[in-house]
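The values are calculated or read from the model by the stated rules, or taken from the named source; none is laboratory data. Here the structure is a predicted model, which is why all the values come from computation and not from measurement. Every residue, glycine as well, gets a Cβ built from its backbone with ideal geometry; the counts of neighbours run over all protein chains shown.
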Amino acid sequence: MGCGTSFAKYVLFFFNLVVAIFGIAVIGIGVAVLLNWAPIKDELQGHLTVAPWVFIIIGAIMFIIAFFGCCGAIRESHCMVVTYAIFLLVVIIMQVVLGVLMFTFADSLKEGLVKSVNTVFDKRATDPAANTVFDNIQTQLECCGKYSAADYGLVLPNSCCSRLSAIGKALRDTCTIADANTTGCGPKVADLYEKWNKTIAGVAIGVACVEVVGALFALCLANSIRNMDRRYA
């Protein structure tokens, strides 16, 4: 192999080794939370029940892709390097599409999110699961109702007073409009989306640009390995 090919080989190897280790760490975080779920579920109050599985899935995807890149580079396997490049190109396409959609259809996506939140609120009376989800939304985002606390009338759920300190909650038996979160959950979600959508889209496209370099290294290495195999066949 020439110097350029050897450089591409070791860059791919060490880069994917770091990604694989990070993927294992992410999986470990998810598994650790699952194993200790029973002792801490009361403290989490059901807010993050999906989070461990999200960590495990993301970590597994990272590890699988990095495994092909790392092993393919160090073993000089044309098949594994090409597989790695294909996986990486699929991820790049998904990230670019996500970024473009968030830039192009920002208003439509925001309206869809707000509509989804409002739909969950409307289902509270007949669906206990929807009631639990909306309580979690109010607690995490420190909001109340669809548009304001007035959506509930006189009786407010305790999650509407999530902005109060522990001492403040202890001094009150019920949540009142005076103590409730002042912003409705619909406007709160809209504000958060407007605040972060361009950042998320920009990061997705920026990371995709870095990954393009990795994919080019992988394709160059795969081509070099194939030429070497033909030369010595």
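Restricted to the stretch 168-204, and to residues there that are among the aliphatic types (A, V, I, L, M) and at pLDDT 85 or above, the residue that is farthest from the chain's Cα centre (by Cα) is 180.
Pull up the stretch 97-122, narrow it to residues that are under 18 Å from the mean Cα position of the chain (by Cα) and crowded, with 17+ Cβ neighbours inside 10 Å, then point me to the one that is modelled with the highest pLDDT. Across the stretch 97-122, the extreme among qualifying residues is 110.
Taken over the stretch 28-70, the criterion of being at pLDDT 50 or above, assigned to a helix (DSSP H, G or I) and of a type in the set (Val, Ile, Thr) is satisfied by 29, 31, 33, 54, 56, 57, 58, 61, 64, 65.
Summed over the stretch 100-158, the residues that are charged (D, E, K, R) and not in a helix (DSSP H, G or I) give a count of 5.
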